[in-house]
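Everything below concerns the one structure shown next.
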Amino acid sequence: MRRTTFTRTPALFLLTIALLFIPVNFYAGPKPRPAQANISMNGFFAADKAQRGRTVQAAIVVDIPSGYHVNGNKPLGKYAIPTVLRIEAPGGVKISPVMYPRASVRSFSFSQEQLAVYEGRVVMRFNVTIPANFDQGVTELRARLRYQSCTDDICYQPETREITMPIGIVAANQSVKRINGQIFGGRRR
């Protein structure tokens with residue numbers, strides 16, 4: 001019986017061990033994109049109920065996480081997608097134009113132009129007028145927010161978020177209570 005010797009076996013063994021314990025980056029492509037911003041959107045009224053024949057203030061509050069921004073309602077860049085809030089209401093209910101906050105003007109590495117952006121907490125206000133003959137009970141508004149979120153380096157596909165805002169409708173002579181003072185300010189007299 002003839003004996004075969006393998007002189008390469010120790011070398012293969014050492015190479016296998018090295019490949020198991022030495023990190024090797026075989027893929028040198030672009031860095032993975034950070035996740036799209038988890039932007040929250042909530043609706044608020046300035047009163048606990050709406051009186052028939054009267055107007056109640058309302059607002060959409062958008063919270064943008066740190067490190068992200070969205071374009072302002074009136075962007076400066078011709079390719080920037082504006083942030084737009086649309087409010088749908090039941091027949092007869094009137095919605096005033098949305099009052100957008102002033103955007104910050106900033107420069108970013110991905111654009112040669114300065115951009116008008118929203119960062120952090122953004123409050124968009126509007127008024128809701130209930131007709132005098134509107135049925136009492138609960139009604140709801142539907143708010144749709146279209147925006148494009150970005151980091152300092154990249155922008156994501158535009159998104160549309162939607163929420164509903166229910167509110168009780170009461171007679172004009174029924175009392176209502178001011179609420180959400182942190183958004184609408186203190187009491188009115």
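Dividing the radius of gyration of the alpha carbons in the range 41-189 by their Kirkwood radius gives 1.05 for Rg/Rh.
The gain in end-to-end length when the ILE81 to VAL176 segment is fully stretched comes to 30.3 nm, 0.36 nm per residue minus the alpha carbon separation.
In summary, the aspartates and glutamates within cross-link reach of LYS49, defined as a Cα separation below 19 angstrom excluding same-chain residues under 8 places away, comprise GLU88, ASP135, GLU140. Evaluated at q = 0.19, 0.23 Å⁻¹, a Debye calculation over the C-alpha positions of the range 107-189 (equal weights, vacuum) places log10 I(q)/I(0) at -1.05, -1.30. Packing, taken as the mean count of other beta carbons within 10 Å per residue, orders the peptides 79-89, 43-53 from highest to lowest as 43-53, 79-89. Peptide packing for 98-106, 61-69 was compared via the average number of neighbouring C-beta atoms within 10 Å per residue; ordered from the highest value, the list is 61-69, 98-106. From the Kirkwood radius over Cα pairs of the range 53-116, Stokes-Einstein at 20 °C and 1.002 mPa s returns a whole-number translational diffusion coefficient of 150 µm²/s. What aspartates and glutamates does LYS78 reach when the alpha-carbon gap must be under 16 Å and sequence neighbours fewer than 8 apart in one chain are set aside? Within the straight-line limit of under 16 Å, LYS78 reaches these aspartates and glutamates: GLU113. Here the accessible area of the range 129-185 is 45 percent carbon and sulfur, with a 1.4 angstrom probe and all protein chains present. Loop-located trypsin sites (Lys or Arg not before Pro) in the range 115-180 (DSSP state other than H, G, I, E, B) with a sparse environment of at most 11 neighbouring Cβ atoms within 10 Å: LYS177.
The values are calculated or read from the model by the stated rules, or taken from the named source; none is laboratory data. Since we're looking at a predicted model, the values are computed, not measured. All Cβ positions, glycine included, derive from the backbone under ideal geometry; neighbour counts span all protein chains shown. Ligands, DNA and RNA are excluded from the accessible area calculation, which covers all protein heavy atoms including side chains. Shrake-Rupley method; radii C 1.70, N 1.55, O 1.52, S 1.80 Å.
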